[in-house]
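What follows is a short report on a single structure.
The values are calculated or read from the model by the stated rules, or taken from the named source; none is laboratory data. These numbers come from a predicted model, not from an experiment. For neighbour counting, all protein chains shown are included, and Cβ atoms are generated from backbone atoms with ideal geometry for every residue, glycine included. These area figures cover heavy atoms from the full protein model, side chains too; ligands, DNA and RNA do not enter into them. Shrake-Rupley method; radii C 1.70, N 1.55, O 1.52, S 1.80 Å.
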Amino acid sequence: SEGRFIFHQAPAERRLYLDPSDFMGQKYRDVLPSYVVDILDPEFEKNREGVSAVVEYHLDFEDGRRWYSCNMSPIVEEGVYKGTVAVTRDVTERVEAGLLIRESEGLLSATFESSPNVIMLIDLETAGLIKINRILEERIGYRLEDVSTSVFDIPTLFPNPESVQRALEIVAQRGKLMDYEVEIRAKWGEVRYYSFSGAMIDLPHKKVAVIT
């Protein structure tokens, strides 16, 4: 209950922040970085109340940062808190993938807003528009909200909807689209021909076509 390490087990290949001889018998507050202690302290308080907790934190090694998820389960005997069983997993790949996605989304958003060309992100399963830039809104008169469920929700938008469906199928099957002509009718009735190219990208739980 003092927060001392009294047992440790890890696979031989598991990389440890400290050698067991440096932390066994020691309090976690005395051997872990202060920022990790600040994260763990309130979770240990939950354990003392009999409540399990899950927490994530990072540790900095000489060759880089690693992220961990820790499941903390209280040991309670006859209603008295005796200690905590902490099971940690290295989740660096998941965390870094999430950070990369957020960075990519920021870069993509900046590209959308500054590009003089039409850009669309289309969900290949639902044909819903995920994102369009302002120049496309100006040219067709419709906002993203008008076509977010499916680009086919507005019957008059494409004079030849079969050609648009075919374009999405090509991207899904081949992973790219090159110089494909599509007719688009603006909200005020004007029809223009656009030559589109695009590529498929994988986002978590969906496949998306970037069309420009």
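Of everything in the stretch 126-176, what is part of a helix (DSSP H, G or I) and among the polar types (S, T, N, Q)? Give them in sequence order.
Here is the first cut: in the stretch 126-176, the residues part of a helix (DSSP H, G or I) are 134-140, 144-146, 161-174.
Correct list: SER163, GLN165, GLN173.
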**OP:** Considering (1) among the charged types (D, E, K, R); (2) open to solvent by less than 60 Å² (accessible area, probe 1.4 Å); (3) under 27 Å from the mean Cα position of the chain (by Cα), say which one ASP41 fails and leave the rest.
**Re:** (3)
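In the stretch 17-35, what residues are surrounded by fewer than 13 Cβ atoms within 10 Å (Cβ to Cβ), of a type outside the set (D, E, K, R) and under 34 Å from the mean Cα position of the chain (by Cα)? Please lay out each step first, then the result.
Taking the stretch 17-35 and keeping what is surrounded by fewer than 13 Cβ atoms within 10 Å (Cβ to Cβ), we get 19-22, 25, 30, 34-35.
Subset that is of a type outside the set (D, E, K, R): 20-21, 25, 34-35.
Residues satisfying the conditions are SER34, TYR35.
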Original post:
Quick check, is VAL210 among the hydrophobic types (A, V, I, L, M, F, W, C) and in a helix (DSSP H, G or I)?
Top reply: no
Original post:
List pairs: first in the stretch 74-89 and in contact (Cβ under 8 Å) with a residue 24 or more places away in the chain, second part of a strand (DSSP E or B) and loosely packed, with under 11 Cβ neighbours inside 10 Å, Cβ under 7 Å, 6+ apart or cross-chain?
Top reply: VAL76/LYS82
Original post:
Among the residues of the stretch 154-212, which ones are touching a helix residue (DSSP H, G or I) at 6+ places or on another chain (Cβ under 8 Å), open to solvent by less than 70 Å² (accessible area, probe 1.4 Å) and within 10 Å of LEU124 (Cα to Cα)?
Top reply: MET200, ALA209
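Of these, TYR180, TYR194, which one is at negative phi, in contact (Cβ under 8 Å) with a residue 60 or more places away in the chain and outside any loop (DSSP other than H, G, I, E, B)?
Just one listed residue meets the conditions, TYR194.
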